[in-house]
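Here's the structure, in structure tokens; my notes come after.
The values are calculated or read from the model by the stated rules, or taken from the named source; none is laboratory data. Everything numeric in this text was worked out from a predicted model, so none of it was measured. Positions of Cβ are backbone-derived with ideal geometry, glycine not excepted, and every protein chain shown enters the neighbour counts.
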Amino acid sequence: MKKIAVITGASSGMGKEFALKISKNFKSINEIWLIARRADRLEEVREEIDMPSYVICEDISEEYFIDKFAKMLKQENVKIKMLINCAGYGLCGKVGTAACYAELGMIDTNCRGLTAVTLAALPYMAKNSRIINVASSAAFMPQPYFAIYAATKSYVLSFSRALRREIKDKDVFVTTVCPGPVNTEFFAIADDGRERAWFKELTMAQADEVVVQALNDAINKKEMSVYGMSMKMFRIFAKTVPHKIILDVYAMMCKKMYEE
Ligand SMILES: NC(=O)c1ccc[n+]([C@@H]2O[C@H](COP(=O)([O-])OP(=O)(O)OC[C@H]3O[C@@H](n4cnc5c(N)ncnc54)[C@H](OP(=O)(O)O)[C@@H]3O)[C@@H](O)[C@H]2O)c1
């Protein structure tokens, strides 16, 4: 029986980094399943990684995907050692200013898609396996002008923490990754040509560093992986300062950028 890692969002950014790092350092895994929509980019990742791989070129937000993925897992007779839910996107801006399908798509991909992949994968998780769910520091509190995205990531954090409690007796450990801004293609979609906010520029992390920490934290069975001092401080800030105050200040900082 093959032992596999499944990575969604594997065609770029952190998902690709997870594939590269796992192929180099996790020799107990026999094959990596790479999931995303862009076939050409997935092929490039497949060529770069040092391990057999299986490319699944699909949209995880599509309703049919859960059944299709569940069938693939059954047919291939595999055990999952690592499930990494990394696919996702965000749109900055005032609620209602982007196309409706794109705003709702964040919920479909970040929440529904992630949950569908997890549901299909759960029966195939091996003993002492890991689930890494990529949320965001945006999960720590509501964010004006990033409202839907932040809400989807709060869902990911809440779902992942509860799931962790439910399945740890089965020797399956869930780690939620909550990075601040990371230098990937994410911002090409999120900012849509606008100038990037100064505070995001100031706290920008590199994808490979966030991923190394996430893998180490998952191996060590940690509940959360928060990269960098600024995001650790933001987490404490969001827990201790009344949200009304932070929301007013945050909205003031962003208003000029998104309303003019
Ligand atoms: N970069 C940041 O600042 C940041 C910070 C915190 C959290 N995150 C989260 O980190 C995760 C990875 O993002 P990234 O920064 O690495 O950005 P990225 O380079 O844009 O990667 C996003 C990945 O998700 C895939 N994807 C998007 N929609 C999909 C769908 N419907 N079905 C299948 N795959 C889909 C994309 O592939 P295709 O386009 O080929 O489908 C791509 O591989 C996301 O969940 C994001 O929300 C990012």
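So here's what we get for this one:
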item: Hey, Asn110 modelled with pLDDT under 95 and within 28 Å of Lys221 (Cα to Cα) or not; result: no
item: Meets criteria (of a type in the set (A, V, I, L, M), part of a strand (DSSP E or B) and within 15 Å of the ligand (Cβ to nearest atom)) for Ile66; result: no
item: Sole exception among (1) in contact with a Phe, Trp or Tyr (Cβ under 7 Å, 6 or more places away or on another chain); (2) at pLDDT 95 or above for Gly93, by number; result: (2)
item: Flag if Ile4 is crowded, with 16+ Cβ neighbours inside 10 Å, at pLDDT 95 or above and assigned to a strand (DSSP E or B); result: yes
item: Scan of segment 124-150 for residues that are over 25 Å from Asn216 (Cβ atoms) and in contact (Cβ under 8 Å) with a residue 40 or more places away in the chain, ordered by number; result: Met141, Pro142, Gln143, Pro144, Tyr145, Phe146, Ala147, Ile148, Tyr149
item: Candidates Gly88, Gly96, Gly105, filtered to the one that is closer than 23 Å to Ser154 by Cβ, assigned to a loop (DSSP other than H, G, I, E, B) and in contact (Cβ under 8 Å) with a residue 40 or more places away in the chain; result: Gly88
item: For Glu44: the one exception among (1) surrounded by 18 or more Cβ atoms within 10 Å (Cβ to Cβ); (2) under 25 Å from Asn183 (Cα atoms); result: (1)
item: Residue match in segment 237-253 (condition: in a helix (DSSP H, G or I), within 16 Å of the ligand (Cβ to nearest atom) and surrounded by 15 or more Cβ atoms within 10 Å (Cβ to Cβ)); result: yes
item: Some residue of segment 12-29 being assigned to a strand (DSSP E or B), in contact (Cβ under 8 Å) with a residue 40 or more places away in the chain and either closer than 26 Å to Ile219 by Cα or not small (Gly, Ala, Ser) (or both); result: no
item: Every pair of residues 6+ apart whose Cβ atoms lie under 7 Å, when the first sits in segment 31-59 and is of a type in the set (D, E, K, R) while the second is assigned to a helix (DSSP H, G or I) and within 9 Å of the ligand (Cβ to nearest atom); result: Glu58/Phe65; Asp59/Phe65
item: Failed criterion for Ala36 (all others in (1) surrounded by 15 or more Cβ atoms within 10 Å (Cβ to Cβ); (2) more than 9 Å from the ligand (Cβ to nearest atom); (3) of a type outside the set (Lys, Arg) hold); result: (2)
item: Listing of helices (runs of 4 or more DSSP H) fully contained in segment 176-228 that carry 2 or more residues being at pLDDT below 95 and near the ligand (Cβ under 7 Å from one of its atoms); result: 186-190
item: Any chance Glu43 is out of contact with any His (no Cβ under 8 Å at 6 or more places or on another chain), under 24 Å from Ala188 (Cβ atoms), away from the ligand (no atom under 13 Å from the Cβ) and outside any loop (DSSP other than H, G, I, E, B); result: no
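This table checks each residue for (1) away from the ligand (no atom under 16 Å from the Cβ); (2) buried (at least 21 other Cβ atoms within 10 Å of the Cβ); (3) of a type outside the set (Val, Ile, Thr).
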position: Ala98; (1), (2), (3): no, no, yes
position: Ala102; (1), (2), (3): no, no, yes
position: Gly105; (1), (2), (3): no, no, yes
position: Asn110; (1), (2), (3): no, yes, yes
position: Thr115; (1), (2), (3): no, no, no
position: Ala139; (1), (2), (3): no, yes, yes
